[in-house]
1. I'd like the accessible area for Asp45: 1.4 Å probe, protein heavy atoms, all chains in place, Å² to the nearest 10.
2. Can you give the FRET efficiency to the nearest 0.05 for Glu24 and Gln57, using r as the Cβ-Cβ distance and R₀ = 22 Å?
3. For the range 1-58, what is the convex hull volume of the alpha-carbon atoms per residue, in Å³?
4. Under 5 Å between amide H atoms, partner at least 5 residues away or on a different chain: which partners does Ser37 have, H built in plane at 1.01 Å?
5. R0 = 25 Å: FRET efficiency of Asn34 with Thr3, Cβ-based, nearest 0.05?
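The values are calculated or read from the model by the stated rules, or taken from the named source; none is laboratory data. What you see is a predicted model, and the numbers here were worked out from it, not measured in a lab. Cβ: placed from backbone, ideal geometry, glycine included. Neighbour counts: every protein chain shown. Side chains included, ligands, DNA and RNA excluded: accessible areas come from the protein's heavy atoms. Shrake-Rupley method; radii C 1.70, N 1.55, O 1.52, S 1.80 Å.
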Amino acid sequence: MSTLTRIEVGKDQRGNKYQTNTYEAFGTAPTPSNGASSYTLTQFDGKWTLAETFTEQVPDPGGGGGGTTFP
C-alpha cells in the first residue's frame, strides 16, 4: 500500500499546467497510473518512491494530437 506524500502543481516552460503526485511505499513497488504523462520509480533502503506527472491536455499548435489528461 502506498501513501501520497506530496502534490506539486505548476506550469511548464510552454505554460501548460502540470501536477506531480509523489507516493511512498515499503515492500511492494507502487504501480504508476496509465494516465500519467511521465513517472519515475526509485527504491532506496526498502522504501519505494513513485513520482508521476500529469500534464493538461492542450491542442498542438502544429495540428497534431494534444498531451495527456490533466487530473
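1. 140
2. Using R0 = 22 Å, I get an efficiency of 0.20.
3. Each residue corresponds to 74 Å³ of Cα convex hull volume.
4. For Ser37, whose amide H was placed from the backbone, the distant partners under 5 Å are Thr53, Phe54, Thr55.
5. With R0 = 25 Å, the Cβ-Cβ based efficiency is 0.75.
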